[in-house]
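**Student:** I have a structure here, written as C-alpha cells, and I will follow up with some questions on it.
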Amino acid sequence: MAYSNVLVGAAGPPQHITVRRIGIADLTEALRRGLDDFLAMPTHAIFLCLVYPIIGIVLARLAFGYSVLPLIYPLASGFALVGPFAALGLYEMSRRREAGLEVSATHAFDIVQSSSIGGISALGIVFLVILGVWLAVANAIYAADFGYAPPVSMRAFVHDVFTTSAGWNLIIVGNLVGLVFAAIVLTIGVMSFPMLVDRDVGAAVALKTSIEAVVRNPVTMAVWGLIVAVLLVLGSIPAFLGLTVVLPVLGHATWHLYRRTVDAEDSPRPTVMPRPHRDRSGADFPINLLPWQR
C-alpha cells in the first residue's frame, strides 16, 4: 500500500486533471509573479538559495586545487538539472502566499512533513541519478577529446578548449548532449514537483502530468527552458552570486507556471503533520530556523 501511495497518492489515481494550453504571455506573467513573490519574501528566498552559489564557489576552489577543472562547467550546468527538486521550498512559500497563509522561512520545510514526501523523494532520487549520469557522460566526452591527464593549468585548459579542434568538439558535443539532459529534466520536472507540493497525487501521476504539459505546449515549454538557461548563465557569471536572485525568482515563477498550466482541483491536497512548537528567544537565531530544531 505504501508503494502505491508513492506512485498514485493516498486517494488512488485522480480522475480529473486538466492540462491547459499556454502561451508566451503566460510565461511572462509567471515571471512577473515570481519576481513579485521574491520581492515580498526576499530574505526567506535568499536564505533558502544562498547555499547554491556557496556550493558553486567551493566546487570552483576544488577544481583549482584537485584538478577537476574540466567538470566545472558540467557542475554549474547541473544546477539546472536539480533545480526543480531544489526549489521545493520556494514552491511551498509561493503556495502559502497565494492562499493568503502566513509565510516564513520555516514553512518552506513543511514539505518534509507532507504526505507527498514519498513521491517527492522518489522523483528526487531520479533527478540525482540523472545528475550523476550527466557528470559521468561529460567526463567521458572530455576524456575522449583530451585523454585522462588533468589540465596543467587554468590558462592551458582555457587555451586548449577554445583554440584546438578537440576543444571545439568538446564544446559542441558537450552542449548538445547537455541539451538532451536538460530537455529530459524539463519534461519530467517542470510540473511534477510543484504538483506534488500542491496535491497528493503520487510520483507517477505527477510525472505523467508534467510530460503531458510539455507535449501539449512544446514551443512554449521550449521557450521556458531557454529562459531558464539564459537566466542561470547570467546568474552564474559573477562567481555564482547572481543565483541568489535568479534561483528564487525562477522557483517562484515555476509555481505560478504550474498554476496556469495544470488544474488539479479535484485531487486531494497533501496532509501535513504539525511540528511541535516551542517558544525560542532571539538568542537561538539562526538555529531556530532549522526545521529539526523546531
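**Student:** With the checklist (1) surrounded by 14 or more Cβ atoms within 10 Å (Cβ to Cβ); (2) modelled with pLDDT under 60; (3) closer than 25 Å to Thr187 by Cβ in hand, flag the one item Ala63 doesn't pass.
**Tutor:** (3)
**Student:** Under the condition of being exposed (fewer than 14 other Cβ atoms within 10 Å of the Cβ) and over 15 Å from the mean Cα position of the chain (by Cα), which residue from segment 211-229 is farthest from Leu31 (Cα to Cα)?
**Tutor:** Val215
**Student:** So, restricting to helices (runs of 4 or more DSSP H) that lie completely within segment 157-236, which ones have at least 2 residues that are modelled with pLDDT of 90 or more and of a type in the set (Lys, Arg)?
**Tutor:** The qualifying helices (runs of 4 or more DSSP H) are 203-216.
**Student:** Then there is this: Can you report the number of residues in segment 237-263 which are part of a helix (DSSP H, G or I), closer than 15 Å to Ser192 by Cα and aliphatic (A, V, I, L, M)?
**Tutor:** The number of residues fulfilling the criteria is 2.
**Student:** Sticking with this one: Could you please find all residues in segment 101-136 being in a helix (DSSP H, G or I) and more than 30 Å from Tyr73 (Cβ to Cβ)?
**Tutor:** Correct list: Ala105, Thr106, His107, Phe109, Asp110, Ile111, Val112, Gln113, Ile117, Gly118, Gly119.
**Student:** Determine if segment 179-186 includes at least one residue that is closer than 20 Å to Ala87 by Cα and either over 15 Å from the mean Cα position of the chain (by Cα) or not aliphatic (A, V, I, L, M) (or both).
**Tutor:** Yes, segment 179-186 contains at least one residue that is closer than 20 Å to Ala87 by Cα and either over 15 Å from the mean Cα position of the chain (by Cα) or not aliphatic (A, V, I, L, M) (or both).
**Student:** Hey, Val245 hits all of (1) over 15 Å from Thr187 (Cβ atoms); (2) in contact with a helix residue (DSSP H, G or I) (Cβ under 6 Å, 6 or more places away or on another chain) but one; which does it fall short on?
**Tutor:** (2)
**Student:** Further question: Working only within segment 184-226, note down all residues that are out of contact with any helix residue (DSSP H, G or I) (no Cβ under 9 Å at 6 or more places or on another chain) and of a type outside the set (A, V, I, L, M, F, W, C).
**Tutor:** Glu212, Pro218
**Student:** Sticking with this structure for a sec: When you go through Ile141, Ile130 one by one, which is the residue that is over 25 Å from Val197 (Cβ atoms), at pLDDT 90 or above, aliphatic (A, V, I, L, M) and surrounded by 12 or more Cβ atoms within 10 Å (Cβ to Cβ)?
**Tutor:** Only one candidate qualifies: Ile141.
The values are calculated or read from the model by the stated rules, or taken from the named source; none is laboratory data. Keep in mind that this is a model prediction, so the values were computed, not measured. Cβ atoms come from the backbone with ideal geometry, glycine included; neighbour counts cover every protein chain shown.
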